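Just below is one structure, and these are the notes that go with it.
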Amino acid sequence: MKKLVLLLFSFSIFSLASAQTKISGKVTDGKAALPGVSIFIKDSYDGTTSNADGTYSFETTEKGEITVIATMVGFNKFEQKETANGTPIVLNINMKEQVSELKAVTINAGSFDAGDKKRATVLTPLDIVTTAGSAGDVSGALKTLPGTQQIGNQEGLFVRGGEGRETQTFIDGMLVRNPYNSSVPDIAQRGKFSPFLFKGTSFSSGGYSSLYGQGMSSALILESKDFPDRTETNFSLSDVFLGIGHNHYWEPKKLSMGFNLGYSNLQPYYGLIKQTGASFSKMPDDLTLDYNLRKKWGKSMIKFYGYGNNSHLGINRKDVINNTNSFGLQNNFAYGILTVNTLLSGTWSVNNGISYSYNLDKINIASVSDKGSLLNKADIHSQANFAQVRTVFTKYVSLLSTLRFGAEFQNDLERVKYTNQLLPYNKTNEYTDNYAAVFAEGEIYFSNRLAAKPGVRYEYSSIINKMNVAPRLSVAYKLNNTTQLSLAYGEFYQKPDRSYLLYKTSLGYEKATHYVVNYQRIANDRVLRLEAFYKKYQNLMLVQTTPGYPLLYSDSTNGGRGYAQGVELFFRDKKSLKNCDYWVSYSYLDTKRHSARYPKEGYGNFPDMIQPSYAATHVANIVFKQFFPKYMFGYGITYNYSSGWHYFNPYNASYSEDVTPDYHALGMNFNYLTRIKNAFTVFVVGVSNITGANPVYGYNYYAPGTKYEIHPIAKRFYFVGCFMSFGVDRRQQNVDDSLK
Amino acid sequence: MKKIVLLFTAFLFSTALFAQSERYMAAMNKFVAQLDTARTKDDFQKLANQFELIASKEQNQWLPYYYAAFCNASLVYQSDKDLIDVLCDKADAMISKADSLQPNNAEIYVIRARICSARIMVNPMSRGAKFGKQSGEWLEKAKTIDPSCPRIALTEGTGKFYTPKMFGGGKDKAKPILEDAAKKFEVFKPASTIHPHWGSRECNWMLGQCNKE
């Protein structure tokens, strides 16, 4: 009996001793120690977590063949078989990083992305509206980013030596014709679309994707929102604007619909605050209505957005010889876009889109001398009907790598009817262009560190009866966890502007070739970007002029050329100062062109190439915002600087001497968030040009020595507004949190 | 002698049978107790690993999955912004397993609500409304099952506590809800030592903050 007990006892001792096998070692990611890794034996309770120095140690009671597993978020699972027999096991583990969206390099040379995607986020919709001086306009806020010019007398984004027309706007992949309110001489117009329509904004200042075309300089790619967050009704009231909107979301039906109706009129404002810049014969007014529908249908997401507006404006300006020049504009615009995004199978999806836009500008111009005699009177009806269909297939090759290809077709009717009331004389010029493109692009992640995006685009335009093939390539390499280097190259073609095509069609594409190098460091809510670029322009439109003779567009050729090169800096910091967010951007630009209306060779001392009037050498912006969560009060300050613009002085033979004074603009806004009964309410007060500087965008000439400054109509603008939203509003949770 | 041998074999046999559940209880007791004092990221990471390990072994028990989800969701508040969604996805997968093993459980819905709240942190601006709403819906669902569960009121009060006054939150609004939670905590009796009983520490801290003002 005793023997047996002894035997049993010794047996249990033995089993105890043999049951414990110590496993220890160190976990690394190949280089550095990796803490927090879970190391355990498969199908057992035995395991531990690695320490701050990567070391670990635990004991197991398992015997025989065991499988040691190590797991960690963001890393591939590690598995190794070992034999447990009581002898300590030393196992050093090397964890391999997973190729993942979080860790992977981003292909971003030339582009600024904004949206919900947390990485590489530069500007969100809320950033746009709270940027002082942007006046809630998408392009207004983008003008605080590097690469753009502070042009105040023409609409559009002037990017890296390019004209405004060289930047194209895309909504859900579809090109938008007339994205800005119609041009008025020497006055920049706002974009038509509200920043709150979009969940993502990607602004490319060069080297953009082959999915897009017909913009020689830049692409503004806007991605519309999916379902609204909830049902809500909005009212807005300001010194220039009145608006009402409602969005309804039937969540179980996966259906949403909404509309916004807005009316703006400057009558009360200009009645109160007299303007010296110009007198209005018809106060600017604008009536807009938009409608949206979202429906999830099986594996498809259907989105429709319709927009229409009707605006009027009449302006009188006296010139130096006391003639009164009047300009009247009535604009009708209608736009509709329908997109269907369908998941075909696990790895395939297809995006189909169709859009149509109609734009009619009824312009009347007249010139009356100081003695009352009518010198000129004419009507111009300018019309554009633009239709587009587009299909893009996406194949998800692996977790991140994708292949996209597709085709698009555009039908564009452009018509200008000119009627001179005095002569009388009338003429209609019009053309129809059928444009087709096919494109393909791969986004290939070789690892978390290295990615490439090669692409190619083929285009054909019937009006000029020419095709082109444009290759594009971007490569990005991650130097370490916070820094990366990217390169981009691409060829970008654009059809001649309609002002040429209306008079001559035997023309070719204008072409720009981009080379971009980008360095980016993102760490702790701070972003630093440095970018250098070189851009070569070929086959630009050129009309040679001789002073004293009328300009003939029918003489235009593709004989123009030019270049642009420069360096840019962007720094944003949300961290260093509490409740503050600021960014600084600087652009240096060296650009010259021989294009557009260029004097005939041998005229005066005109150089071979000149710096265009819309391209300033130095541009800098400082945007600062602070929010006091305790008082729900915030303010923002924006300072824009631009060195002078070169301008054309027909009476100075040596062109380059004529440069406007430097441009400074200091704007400020204040906002206060509160709750009035059930409505979330925001009060906003904004003031532009606080210092009362006299911004000069250029000069118009009438006679030697008599130049006329081009400056904003309202030297300083005050904005006072109130926005109310009933129903629990999206801004509720976030305005505060976003500024934390 | 025979008796002893029989007894011994019976003992051996029963240990073999019960060892598993004993080990389970022992491990759970140990780590649930550790959870009561867990504060740092490392604490939660270690516990998350341990509960996941137990869960992988005890695939019919809902509590390891529940605690693994809870630890991952708690880790969010001390983690890199980039990791929030990964951790929340993991927590979601864990709590879904718990939910399938133990359907209609208020405690599980509380965790679901907390995961939704955690996801807001990635980008409060664009996510606040969507996930804030979802979080509220899970809490409502939990209330219909077990209104006496103090962690429902606690989670609701926490939301109010961190929401600014003008958005319908604030300490004034949070206080009565947290007081209600505190009352429920006083009378709350967990089904066992390893069943959910966390939260009173958090509740008392917030109430202290409310009373300061």
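The values are calculated or read from the model by the stated rules, or taken from the named source; none is laboratory data. None of the values given here were measured: they were computed from a predicted structure. Reconstructed Cβ throughout: ideal geometry from the backbone, glycine too, with neighbour counts over all protein chains shown.
The set of residues in the range A:215-257 that are surrounded by 19 or more Cβ atoms within 10 Å (Cβ to Cβ), within 29 Å of residue A:408 (Cα to Cα) and either away from chain B (no Cβ under 14 Å) or aromatic (Phe, Trp, Tyr) (or both) comprises A:215, A:216, A:217, A:218, A:219, A:220, A:221, A:222. Checked against (1) surrounded by fewer than 19 Cβ atoms within 10 Å (Cβ to Cβ); (2) within 14 Å of chain A (Cβ to nearest Cβ); (3) under 29 Å from residue B:195 (Cβ atoms); (4) touching a residue at least 12 places away in the same chain (Cβ under 8 Å), residue B:162 passes all but a single condition, namely (4). Are any of the residues in the range A:548-558 within 24 Å of residue A:530 (Cβ to Cβ), of a type outside the set (A, V, I, L, M, F, W, C) and crowded, with 20+ Cβ neighbours inside 10 Å? So far as the range A:548-558 goes, no, none of its residues is within 24 Å of residue A:530 (Cβ to Cβ), of a type outside the set (A, V, I, L, M, F, W, C) and crowded, with 20+ Cβ neighbours inside 10 Å. When A:575, A:630 are checked against the criterion of being within 14 Å of chain B (Cβ to nearest Cβ), over 24 Å from residue A:151 (Cα atoms) and in contact with an Asp or Glu (Cβ under 6 Å, 6 or more places away or on another chain), a single residue qualifies: A:575.
Could you tell me whether the range A:473-487 includes any residue that is at pLDDT 90 or above and under 22 Å from residue A:165 (Cα atoms)? Checking the range A:473-487: not a single residue is at pLDDT 90 or above and under 22 Å from residue A:165 (Cα atoms). Within the range A:48-70, the residues that satisfy the criterion of being farther than 20 Å from residue B:40 by Cα and of a type outside the set (A, V, I, L, M) are A:57, A:58, A:59, A:60, A:61, A:62, A:63, A:64, A:65, A:67. Here residue A:670 fulfils each of the conditions (1) within 30 Å of residue A:232 (Cβ to Cβ); (2) buried (at least 17 other Cβ atoms within 10 Å of the Cβ); (3) modelled with pLDDT of 85 or more apart from (2). Could we say that residue B:152 is at pLDDT 90 or above, closer than 19 Å to residue B:67 by Cα and assigned by TED's automatic domain parsing to the domain that holds residue B:95 here? Taking the combined requirement at face value, the residue does not satisfy it. Looking only at the range A:131-160, residues that are out of contact with any strand residue (DSSP E or B) (no Cβ under 6 Å at 6 or more places or on another chain), modelled with pLDDT under 80 and surrounded by 24 or more Cβ atoms within 10 Å (Cβ to Cβ) come to 1 in all. The listed residues are A:485, A:502, A:473, A:507, and the only one of them that is surrounded by fewer than 23 Cβ atoms within 10 Å (Cβ to Cβ) and either touching a Cys at 6+ places or on another chain (Cβ under 6 Å) or in contact (Cβ under 8 Å) with a residue 60 or more places away in the chain (or both) turns out to be A:502.
Of everything in the range A:326-349 that is surrounded by fewer than 16 Cβ atoms within 10 Å (Cβ to Cβ) and over 22 Å from residue A:179 (Cα atoms), the residue that is modelled with the lowest pLDDT is A:346.
Residues of the range A:311-325 that are exposed (fewer than 15 other Cβ atoms within 10 Å of the Cβ) and not aliphatic (A, V, I, L, M): A:318, A:319, A:322.
Quick check on the range A:34-45: of everything there that is more than 7 Å from every other protein chain (Cβ to nearest Cβ) and surrounded by fewer than 20 Cβ atoms within 10 Å (Cβ to Cβ), which residue is farthest from residue A:96 (Cα to Cα)? Spell out how you get there, then give the answer.
At the first step, the residues of the range A:34-45 found to be more than 7 Å from every other protein chain (Cβ to nearest Cβ) are A:34-35, A:37, A:39, A:41-42.
After this cut, where a residue has to be surrounded by fewer than 20 Cβ atoms within 10 Å (Cβ to Cβ) as well, the list is A:35, A:42.
Values: A:35: 14, A:42: 20 Å.
Here the answer is A:42.
When every residue of the range A:593-604 is checked against the conditions, none turns out to be at pLDDT below 90, part of a strand (DSSP E or B) and more than 28 Å from residue A:543 (Cβ to Cβ). Return the only residue of B:130, B:90, B:141 being within 9 Å of chain A (Cβ to nearest Cβ), at pLDDT 90 or above and surrounded by fewer than 22 Cβ atoms within 10 Å (Cβ to Cβ). Among B:130, B:90, B:141, only B:90 is within 9 Å of chain A (Cβ to nearest Cβ), at pLDDT 90 or above and surrounded by fewer than 22 Cβ atoms within 10 Å (Cβ to Cβ). Note on the range B:75-86: residues that are surrounded by fewer than 23 Cβ atoms within 10 Å (Cβ to Cβ) and modelled with pLDDT of 85 or more total 3.
Scanning the range A:490-512 for residues that are outside any loop (DSSP other than H, G, I, E, B) and among the hydroxyl-bearing types (Ser, Thr, Tyr) returns A:493, A:499, A:500.
Looking at the range A:22-85, what strands (runs of 3 or more DSSP E) fall wholly within it and have at least 3 residues that are touching an Asp or Glu at 6+ places or on another chain (Cβ under 8 Å)?
It comes to A:38-41, A:55-60, A:64-71, A:78-84.
Just give me the residues in the range A:606-641 being part of a loop (DSSP other than H, G, I, E, B), hydroxyl-bearing (Ser, Thr, Tyr) and crowded, with 17+ Cβ neighbours inside 10 Å, in sequence order. Show your work before the answer.
Within the range A:606-641, the subset part of a loop (DSSP other than H, G, I, E, B) is A:606-609, A:611-617, A:629-632.
With the extra rule that they be hydroxyl-bearing (Ser, Thr, Tyr), the set shrinks to A:613-614, A:617, A:631.
If the condition is that a residue be part of a loop (DSSP other than H, G, I, E, B), hydroxyl-bearing (Ser, Thr, Tyr) and crowded, with 17+ Cβ neighbours inside 10 Å, then A:613, A:614, A:617 are the ones that fit.
Within the set A:586, A:563, the sole residue that is modelled with pLDDT of 90 or more, in the same structural domain as residue A:699 (by TED's automatic domain parsing), assigned to a strand (DSSP E or B) and touching a Pro at 6+ places or on another chain (Cβ under 7 Å) turns out to be A:586. Looking only at the range A:423-444, residues that are surrounded by 19 or more Cβ atoms within 10 Å (Cβ to Cβ) and over 24 Å from the mean Cα position of the chain (by Cα) come to 1 in all.
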